[in-house]
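Single-structure report; data block below.
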Amino acid sequence: MRLIRYQPEHQKPMLALHRSAVEEFTLGMSQQQDEADLVTIDEVYLRSRGEFLLGFIGERLVAMGGFKRLSDVVAELRRMRIAHDLQGQGYGTLMLRELERRAFQSGVRTLCLETARRRPLTLEFYRKHGYQETGRSFYGAVETVQFSKTLDEKVCESAA
Ligand SMILES: CC(C)(COP(=O)(O)OP(=O)(O)OC[C@H]1O[C@@H](n2cnc3c(N)ncnc32)[C@H](O)[C@@H]1OP(=O)(O)O)[C@@H](O)C(=O)NCCC(=O)NCCS
């Protein structure tokens, strides 16, 4: 998988990948509200000391994910999605490691995230990668679990 930084020309396939990931949820908000950050990636992520990466296999967009800066040392991991038919094959791990590496190198020491509670495999994925549960919340109507991880130089050892 080839990882590259988001560019505006990727907006359409990126939104399609995101929508396929959330289609089974009743979000309790409009598509416009849910996608507010995804139509302003440059502003929300890239020009605000964050990151937003896409993963391609050949010409196909198969992975996405980014982090949004919350302070000098804290960022929120957001919008991690792997295409349904390619989940469980290591691509999420590759994406996560690269985001963690870039976050650490840009000064981030804590990454937090929120994910749907009724996705046991996703919760397991973050636990396996050293994230610890910090609380519960809601994203619109979706019950979520919050996680956080303290980054250290080890995140630079195994990344792409
Ligand atoms: C969570 C996610 C990013 C993980 O990426 P991935 O490429 O599937 O994960 P990896 O292959 O790197 O890691 C596999 C591990 O993650 C977990 N996992 C998470 N989702 C999985 C899936 N669909 N299939 C298999 N394993 C999965 C398992 O614990 C697995 O461990 P194992 O290999 O020891 O069984 C990805 O599955 C995904 O996008 N899921 C949907 C999340 C989503 O749609 N969220 C929207 C609502 S918040």
Checklist outcome for this item: Given (1) surrounded by fewer than 15 Cβ atoms within 10 Å (Cβ to Cβ); (2) of a type outside the set (Phe, Trp, Tyr); (3) within 8 Å of the ligand (Cβ to nearest atom); (4) without any contact (Cβ under 8 Å) to a residue 60 or more places away in the chain, residue 105 misses just (3)
Checklist entry - Does residue 32 qualify as being over 18 Å from residue 155 (Cα atoms), without any contact (Cβ under 8 Å) to a residue 40 or more places away in the chain, surrounded by fewer than 21 Cβ atoms within 10 Å (Cβ to Cβ) and within 16 Å of the ligand (Cβ to nearest atom)? => result no
Item to check | Failed condition for residue 131, given (1) under 26 Å from residue 6 (Cα atoms); (2) within 16 Å of the ligand (Cβ to nearest atom); (3) in contact (Cβ under 8 Å) with a residue 24 or more places away in the chain; (4) in contact with a strand residue (DSSP E or B) (Cβ under 9 Å, 6 or more places away or on another chain) | outcome: (3)
Checklist outcome for this item: Residue hits (segment 149-160; away from the ligand (no atom under 16 Å from the Cβ) and either modelled with pLDDT of 95 or more or out of contact with any helix residue (DSSP H, G or I) (no Cβ under 6 Å at 6 or more places or on another chain) (or both)) are 150, 151, 152, 153, 154, 157
Next on the checklist: Can you go through 50, 66, 90 and tell me which one is under 24 Å from residue 149 (Cα atoms) and near the ligand (Cβ under 10 Å from one of its atoms)?
Outcome noted: 90
Item to check | In segment 69-87, the residues that are within 27 Å of residue 132 (Cβ to Cβ), near the ligand (Cβ under 10 Å from one of its atoms) and part of a loop (DSSP other than H, G, I, E, B) | outcome: 87
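The values are calculated or read from the model by the stated rules, or taken from the named source; none is laboratory data. Computed from a predicted structure; not experimentally measured. With ideal geometry, Cβ positions are generated from the backbone for all residues, glycine too; neighbour counts draw on all protein chains shown.
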